[in-house]
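Contents: one structure, followed by commentary.
The values are calculated or read from the model by the stated rules, or taken from the named source; none is laboratory data. Note that this is a predicted model, so its numbers are computed, not measured. With ideal geometry, Cβ positions are generated from the backbone for all residues, glycine too; neighbour counts draw on all protein chains shown. Ligands, DNA and RNA are excluded from the accessible area calculation, which covers all protein heavy atoms including side chains. Shrake-Rupley method; radii C 1.70, N 1.55, O 1.52, S 1.80 Å.
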Amino acid sequence: MKALIPVIILITAAAGLAQRPTPRPTPKPTPKAAAKAATKPTPKPTPKPTTRPTPRVDENAEWEKTLEIEDTFERIDAVEKFVAKFPRTEKLTEAQKTLAELYIGAGNLRLSERSNAAALELYKKAAAAAPEPIPDNLFNEGFAPLPQELFFRGEQKAALELASVIEARVKNDPQRLLRLAEFYLTIENGGESKRVALEVIARDGASAAGYQLLGLANRMDFLLEESAAAFEMAAERDPRSTAARRGLAEAKRSLGKADEAAEIYRSILKDEPENIGAETGLVLAMMEAGKAAEAETALNDLLAKTPGNVILMGNAAYIYAARGDAEKAEQMARRAIAAEPRFIWSHIALGRALMLQGRPVEAERTLLAARRYGNFPTLVYEIASARAAAGFYREAAEELATAFTIEDGLLRTRLGGRISQTDRSFTELVGPERRASIFTPSPADSKENAALLAALLKFNNSLNDEAVSDDSLADAAAVFTAGSDAMRSHRKIFAASQMLERRRAAAKATEFARDAVSSLDAALNVPDAWAAILASELYEPRRAVLQRGEFLNTPDVPRSTLSAILRGRVEDLIGWGNLELENKDEAVLRLRRAVGVLPADSAWWRQSMWRLGTALAVAGKDDEALDTYVKSYRSAGTNAFRYKTIAALYSRIKGSLEGLDELIGPDPSPQVAAAEPTATPTPAETPTETPTEEPEPNASPEPEKSPEKDEEKLPEPESKATPTPEPSPTAEPTPTPEAKAPEPKAPENVEPCKVMLDEEDIVLKRGRRSAMITLRTEDHRDVSDADAVSQAPEDLAVSRWMTPSTLKDKAAFVISTSGIRTGDFEIEFRLPCGRKKLKVTIE
């Protein structure tokens, strides 16, 4: 461009000359004018002003000044000004590198202050300011770690955005793309890892590292065949690459080609005899190939050399479990967990070993401990398997529902929480997680267990879906309860109780209960029989303690008691079903049998006694019904629903409510808690919504509906609180007066005590969530007579939970919310010697 400037000037000048008019000739001066001009003095020339030259700025000195500035942000300003002032300086690359480093340092400072958005902007400025090409140390130590740092600080979107910005600066450098791909592998983003791998391969088709990255990306997305093909390509391009050969061997194992994998491991060991990873893989490949004796010797030798080899121990434990060798599986899994508890597959192997030995409750506890270190569909399935094996069917179904769906027999989940997968078998559905993680092709599961859990999930979905017909629900229940194993009676009892609670398919539910009678002896002999028998009553307290990360220890229950509960529950279910089917005489007969068999004053006895009262009332035997209702009510404690039922029947028999208070105490409803009831409850005092648990008081009691959850689910709830009717969900919530519970009379000469709770305040979620609170005194007194009263029992119920008679210095209470109102509430725990208030927040 500079060469064109003189030519342009000449052309312009020529054009100007061509257009200028011809000058006129200058006339000669006259003699007189010439003489006058000659007499004038010649003016002196005006001297031109002199200008001093601008002194040359020393850029080296300027640069040194910027380096002396200590404050990071002031130095950034100084370096930016230096670059603007000296755009052609020889120090430009150094200045750009320094500026990028300063931006990164400033971003780190903002990140430490939790100003993550500001940090991201500074990191992006650093990427823009860095020289081209970016120096190795600046990329490896400065830029490469930044996306991961942002990601694990909760800024996932920002991390991916920054990775994209950095990638744009190094897109033509395969080695740096590979370095950046480590971030995508770390966050288990198989899609981005695969994209970068393909870009590397497109720029360098001979890159073994590019194909190795592609193999890892495919494995991360559970594409095991594709992963093996990529590792094959990597090994072809670099036959001496240990990483490529080891990746290929692992891929072969995951596809069930253990012998081929073993040969590859041997080739690695030929070059590197001390390669522990290859030795570990070889031992596991031999185990998977069925070479038991050779593998056992190699396993023991390697463990002697590497006693902390958790990968070897955890994988070997799972292989033992898959082969049914429970003893070795348990031994090896426990060693692995002791060495490194964060390897989840060791817990899964131990859980399977315990289930093989008939210890499902212990297996559940082991698997729940693993959840501290991660969660994915396989672990969800394993926990559900343990719960189903123990007879905790409701909890197993709820666990499955957190990660799986089923529709038309097709199961669906997201492997690794990311990749959608479908199959008709649980074993095949979650299998890719196992094969991509520990490369073991054979599951420690059984087809029978997988089919059972699929049937349970379908039954649970049908049960909770009102659009599913009763016939379809009965069909789903029939599939779930089918079989001739010892647990079949427990499945039939569970299915029958769930269907009757929802008042659905009563005839089929009654049939299930009848069928259960024939195999009750076998049901008593299953492993952890107490869990299956007490499952419905343990549901709420177990859920409460599990939400707090704890585990509920249940005291030993004598076999005779378990037998009475099991046989009594079956009679109760048959009676309940006949009550729903309006077979009054059969209902009364069966319910009489139930209360005659069940342990007196237990939760099961109280519930059956109440149902018997309902059946007697429906049969027209009012006097006997009243007596039965009263026995159940007195045993269970105050309950507003049941009080009104008794009051209606009492009024019909006696003609008034006179004497009712002496019989069962005052009306516990909040509206009349502080007053003496003098008449039949008015409509204003009657619940606006028919409860699902109790019949409304009327002249002819109908067959009762599903029992109230808080009472049904808690064995021995010595409740002193006052559960009240839930308001209609469509009505505007109104403040409820505080219930005035009777004050306990303090015995004379009782020394005051300090009442202590294991929590000062708790938070519950809406939707009948629960928590368990333990009470004691500072000096460990007997607290057998402890009770509790809720400020607002219609919103927050509190019930005494049974504790072993040997633990008299502790009392447990279960607190549950109705899910109607939110806010802050109080529960007061009381002893003759002192009191303690607990703040409960319902969200």
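Cβ-Cβ contacts under 8 Å between residues 6 or more apart (or on different chains), taken from a first residue in region 549-564 that is in a loop (DSSP other than H, G, I, E, B) and open to solvent by 50 Å² or more (accessible area, probe 1.4 Å) to a second residue that is modelled with pLDDT of 80 or more and among the aromatic types (Phe, Trp, Tyr), are listed as Asp556/Trp530. Just one of the numbered conditions (1) surrounded by fewer than 21 Cβ atoms within 10 Å (Cβ to Cβ); (2) of a type in the set (Val, Ile, Thr); (3) under 18 Å from Thr72 (Cβ atoms) is not true of Thr93; which one? Result: Thr93 passes all but (3). Quick check on Ala338: is it in contact with a helix residue (DSSP H, G or I) (Cβ under 7 Å, 6 or more places away or on another chain), aliphatic (A, V, I, L, M) and either modelled with pLDDT of 95 or more or open to solvent by 40 Å² or more (accessible area, probe 1.4 Å) (or both)? It is false that Ala338 is in contact with a helix residue (DSSP H, G or I) (Cβ under 7 Å, 6 or more places away or on another chain), aliphatic (A, V, I, L, M) and either modelled with pLDDT of 95 or more or open to solvent by 40 Å² or more (accessible area, probe 1.4 Å) (or both). Comparison of Ser420, Ser385 shows that the only residue that is open to solvent by 40 Å² or more (accessible area, probe 1.4 Å) and either out of contact with any strand residue (DSSP E or B) (no Cβ under 8 Å at 6 or more places or on another chain) or not in a helix (DSSP H, G or I) (or both) is Ser420.
Within region 113-146, the only residue that satisfies the criterion of being in contact with a Lys or Arg (Cβ under 6 Å, 6 or more places away or on another chain), assigned to a loop (DSSP other than H, G, I, E, B) and over 20 Å from Ala95 (Cβ atoms) is Ala144.
Going by what's in this entry, would Glu149 be described as touching a residue at least 24 places away in the same chain (Cβ under 8 Å), open to solvent by 70 Å² or more (accessible area, probe 1.4 Å) and within 23 Å of Leu214 (Cβ to Cβ)? So Glu149 does not fit the description; no. Filtering Gly568, Gly620, Gly596 for residues that are open to solvent by less than 10 Å² (accessible area, probe 1.4 Å), farther than 17 Å from Arg503 by Cα and not basic (Lys, Arg) leaves a single hit, Gly568. In a residue-by-residue description of region 780-791, the property of being assigned to a loop (DSSP other than H, G, I, E, B), basic (Lys, Arg), over 19 Å from Gln547 (Cβ atoms) and modelled with pLDDT of 80 or more applies to at least one position.
Each residue in region 318-333 was checked for being more than 16 Å from Ala285 (Cβ to Cβ) and either of a type outside the set (Asp, Glu) or part of a helix (DSSP H, G or I) (or both), and 10 pass. Cβ separations smaller than 6 Å between residues 6+ apart or across chains give the following pairs from region 338-359 residues that are under 24 Å from Trp530 (Cα atoms) to residues that are in a loop (DSSP other than H, G, I, E, B) and of a type outside the set (A, V, I, L, M, F, W, C): Gly358/Pro527. Residues that are basic (Lys, Arg) and in contact (Cβ under 8 Å) with a residue 60 or more places away in the chain were ranked within region 473-527; the one that is least open to solvent (accessible area, probe 1.4 Å) is Arg491. Before we move on, is Leu626 within 25 Å of Pro666 (Cα to Cα) and without any contact (Cβ under 8 Å) to a residue 40 or more places away in the chain? Taking the combined requirement at face value, the residue satisfies it. Scanning region 363-382 for residues that are surrounded by fewer than 18 Cβ atoms within 10 Å (Cβ to Cβ) and charged (D, E, K, R) yields Arg365, Arg371, Arg372.
The set of residues in region 453-470 being in a helix (DSSP H, G or I) and either open to solvent by 30 Å² or more (accessible area, probe 1.4 Å) or basic (Lys, Arg) (or both) consists of Lys458, Asn461, Asn464, Asp470.
Any residue at all in region 223-238 that's in contact (Cβ under 8 Å) with a residue 40 or more places away in the chain and aromatic (Phe, Trp, Tyr)? No, region 223-238 has no match at all.
In region 642-660 there is at least one residue that is surrounded by fewer than 21 Cβ atoms within 10 Å (Cβ to Cβ), touching a residue at least 24 places away in the same chain (Cβ under 8 Å) and among the charged types (D, E, K, R). Being over 18 Å from Glu448 (Cα atoms), in a helix (DSSP H, G or I) and under 23 Å from the mean Cα position of the chain (by Cα) is not true of Leu312.
Looking at Leu284, Leu269, which is the one that is closer than 16 Å to Ile438 by Cα and either at pLDDT below 95 or of a type outside the set (Lys, Arg) (or both)? Selected residue: Leu284, the only one of Leu284, Leu269 that is closer than 16 Å to Ile438 by Cα and either at pLDDT below 95 or of a type outside the set (Lys, Arg) (or both). Could you say whether any residue in region 325-335 is within 20 Å of the chain's Cα centre (by Cα) and in contact (Cβ under 8 Å) with a residue 24 or more places away in the chain? No, region 325-335 contains no residue that is within 20 Å of the chain's Cα centre (by Cα) and in contact (Cβ under 8 Å) with a residue 24 or more places away in the chain. Quickly run through region 270-291 and pick out the residues that are closer than 22 Å to Pro307 by Cβ and surrounded by fewer than 15 Cβ atoms within 10 Å (Cβ to Cβ). Scanning region 270-291 gives Glu272, Pro273, Glu274, Ile276.
For region 147-177, filtering for residues that are part of a helix (DSSP H, G or I) and under 21 Å from Pro131 (Cβ atoms) leaves 13.
Residues checked against (1) within 19 Å of Thr405 (Cβ to Cβ); (2) part of a loop (DSSP other than H, G, I, E, B):
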| position | (1), (2) |
| --- | --- |
| Pro432 | yes, no |
| Ala436 | no, no |
| Ala444 | no, yes |
| Ala451 | yes, no |
| Ser472 | yes, no |
| Ala478 | no, no |
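Give region 526-541 a look and list any residue that's closer than 18 Å to Ala516 by Cβ and of a type outside the set (S, T, N, Q), or say none. Matches in region 526-541: Val526, Ala529, Trp530, Ala531, Ala532, Ile533, Leu534, Ala535, Glu537.
Of the residues making up region 341-362, those that are open to solvent by less than 10 Å² (accessible area, probe 1.4 Å) and over 23 Å from Leu312 (Cα atoms) number 1. Do we have Gly105 as within 31 Å of the chain's Cα centre (by Cα) and surrounded by fewer than 21 Cβ atoms within 10 Å (Cβ to Cβ) here? For Gly105, the condition - within 31 Å of the chain's Cα centre (by Cα) and surrounded by fewer than 21 Cβ atoms within 10 Å (Cβ to Cβ) - is not met.
Filter region 294-335 down to the residues that are under 17 Å from Phe439 (Cα atoms) and not hydrophobic (A, V, I, L, M, F, W, C), then identify the one that is most open to solvent (accessible area, probe 1.4 Å). So the residue we want is Arg323.
I'd like the residue in region 161-213 that is under 17 Å from Leu223 (Cα atoms) and open to solvent by 60 Å² or more (accessible area, probe 1.4 Å) and, out of all such residues, is farthest from the chain's Cα centre (by Cα). Applying the filter and picking the extreme gives Leu198.
The combined condition, being under 30 Å from Pro527 (Cβ atoms), out of contact with any His (no Cβ under 6 Å at 6 or more places or on another chain) and modelled with pLDDT under 90, is not fulfilled by Val570. For region 343-379, residues that are outside any helix (DSSP H, G or I) and at pLDDT 95 or above total 5.
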